[in-house]
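Read through the structure below, which is laid out as structure tokens, and then see the notes.
Computed from the coordinates by the stated procedures, all read-outs in this text should not be read as laboratory data. Keep in mind it's a predicted model, so treat the numbers as computed, not measured. Here the Cβ positions follow ideal geometry from the backbone for every residue, glycine too, while neighbour counts run over all protein chains shown.
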Amino acid sequence: MLGSCRADPFTFYSGDETKAYNAAHFAGLAPKLTDPVRRLEDMDRMGVDVQVLSVAPPQFYYWADPALGWKLARLQNDHLAELVGKYPDRFSGLATVPLQDVDAAVAELDFAVGELGLRGVEICTNVNGVDLDDLRFLPFFVRAAELGVVVMIHPHGFTQGDRLMDYYLTNVIGNPLESTIAVTRLIHGGVLEELPDLRLCVAHGGGYLPFYASRMDHAWRERPEGRHHIPAHPPSSYLRRIFVDCLVYDPAHLGFLVQQMGADRVVVGTDYPYDMGFYDPVGLVDATPGLTEEDRARILGGNAADLLGLL
């Protein structure tokens, strides 16, 4: 087993106060995490017609022996498919795959999509500390692009978070920082250049990158380091190929996110059922300035339906 820092940076870089609070908080979430009837009741209260189910980040299990990791992924994917099959009008599903073994991850993706009918896959922002632009992961992204399924990226803490142990910064700053790094490396590493059909969706509004993409564009114009794999187009041009969720809490921030990404690239995200979630997505979208009715319809369902192949 890997050291706990790489296996679970979210917990490893949580201070004592955070660990104590989370132990009680997560224990109280068990019914919402395990009981689909309770979840459906909450969805109705939120005005959510269809929810996409995926594993919680601690359940990626990338730290496990590859054979065990594949077994764990299959168990989870079978259960996700069972829930979707029981409530096909209310749930869709994203697979998990053992990315510590890329060949196994590709095989499990094929099985989950082709045999189980899951609509895509959720992965972490890194695999045991290895960034996603590493060439070892390219066959996985190639296969996802060939299948035309969404790859949802969700962080699990920041891998070098020794300065984030107080004030719940392991999540407040760490999670969006992880997503920012992952997306920036996928752009600069040429993955999106090589795979223009790859369908990525990033949690938490895409991290910080959509709000300060001009800085990487400036560096790309002025310096050589960022142009090795993307010499022809500025980094922000690839950013608009990515989908992000609307989990930025504030209508003004959501308005800027839509301005930067385009209304056709934003979907609803709630982070249900955790305390960092936001459970009035319709109200958030309705309060966002500058949206047309067409924009609103896209964000509240049209984009996700297209992304998941539900149209």
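Tell me which residues, restricted to the range 248-267, are crowded, with 20+ Cβ neighbours inside 10 Å, without any contact (Cβ under 8 Å) to a residue 40 or more places away in the chain and not aliphatic (A, V, I, L, M).
ARG265
Going by the conditions given, is SER214 in contact (Cβ under 8 Å) with a residue 12 or more places away in the chain and surrounded by fewer than 16 Cβ atoms within 10 Å (Cβ to Cβ)?
On the way: in contact (Cβ under 8 Å) with a residue 12 or more places away in the chain: yes; surrounded by fewer than 16 Cβ atoms within 10 Å (Cβ to Cβ): yes.
In short, yes.
Which numbered condition trips up LEU75, out of (1) free of Cβ contacts under 8 Å to residues at least 60 places away in the same chain; (2) within 27 Å of ASN171 (Cα to Cα)?
(2)
Report every pair of residues separated by at least 6 positions or lying on different chains whose Cβ atoms are under 6 Å apart, first residue within the range 168-180 and within 14 Å of TYR13 (Cα to Cα), second in a helix (DSSP H, G or I) and polar (S, T, N, Q).
TYR168/THR18
Of all the residues that make up the range 98-139, how many are polar (S, T, N, Q) and within 16 Å of LEU198 (Cβ to Cβ)? Please lay out each step first, then the result.
Applying the first criterion (polar (S, T, N, Q)) to the range 98-139 yields 100, 125-126, 128.
In the following step, the residues that additionally are within 16 Å of LEU198 (Cβ to Cβ) were identified as 125.
Summing the residues that are polar (S, T, N, Q) and within 16 Å of LEU198 (Cβ to Cβ) in the range 98-139 gives 1.
Could you please find all residues in the range 165-179 being in contact with a helix residue (DSSP H, G or I) (Cβ under 6 Å, 6 or more places away or on another chain) and surrounded by fewer than 22 Cβ atoms within 10 Å (Cβ to Cβ)?
TYR168, the sole residue that qualifies.
Has the range 60-74 got at least one residue that is assigned to a loop (DSSP other than H, G, I, E, B) and among the small types (Gly, Ala, Ser)? Spell out how you get there, then give the answer.
If we filter the range 60-74 for residues that are assigned to a loop (DSSP other than H, G, I, E, B), which is where we start, we get 60-65.
If we keep only those that are among the small types (Gly, Ala, Ser) too, we end up with 64.
So far as the range 60-74 goes, yes, one or more of its residues are assigned to a loop (DSSP other than H, G, I, E, B) and among the small types (Gly, Ala, Ser).
Those residues that are surrounded by 20 or more Cβ atoms within 10 Å (Cβ to Cβ), in contact (Cβ under 8 Å) with a residue 40 or more places away in the chain and within 30 Å of ALA24 (Cβ to Cβ), I need them from the range 268-311; list them, please.
The answer is VAL268, GLY269, THR270, PRO281.
Taking the range 22-48 only, how many residues are in contact with a strand residue (DSSP E or B) (Cβ under 8 Å, 6 or more places away or on another chain) and either loosely packed, with under 14 Cβ neighbours inside 10 Å or under 20 Å from GLN76 (Cβ atoms) (or both)? Steps first, answer last, please.
Quick first cut of the range 22-48, residues in contact with a strand residue (DSSP E or B) (Cβ under 8 Å, 6 or more places away or on another chain) only: 36, 39, 43.
Narrowing further to those that are either loosely packed, with under 14 Cβ neighbours inside 10 Å or under 20 Å from GLN76 (Cβ atoms) (or both): 36, 39.
Of the residues in that region, 2 qualify.
Filter the range 222-232 down to the residues that are surrounded by 10 or more Cβ atoms within 10 Å (Cβ to Cβ) and either in contact (Cβ under 8 Å) with a residue 12 or more places away in the chain or part of a loop (DSSP other than H, G, I, E, B) (or both) and list them by number.
Here is the first cut: in the range 222-232, the ones surrounded by 10 or more Cβ atoms within 10 Å (Cβ to Cβ) are 226-231.
Of everything in the range 222-232, those that are surrounded by 10 or more Cβ atoms within 10 Å (Cβ to Cβ) and either in contact (Cβ under 8 Å) with a residue 12 or more places away in the chain or part of a loop (DSSP other than H, G, I, E, B) (or both) turn out to be GLY226, HIS228, HIS229, ILE230, PRO231.
Name the single residue, out of those in the range 179-223 being polar (S, T, N, Q) and under 16 Å from PHE243 (Cβ atoms), that is farthest from the chain's Cα centre (by Cα).
Pass one, the range 179-223, residues polar (S, T, N, Q): 179-180, 184, 214.
Subsequent filtering for residues that are under 16 Å from PHE243 (Cβ atoms) retains 179-180.
Values: SER179: 8, THR180: 11 Å.
Among residues in the range 179-223 that are polar (S, T, N, Q) and under 16 Å from PHE243 (Cβ atoms), the one farthest from the chain's Cα centre (by Cα) is THR180.
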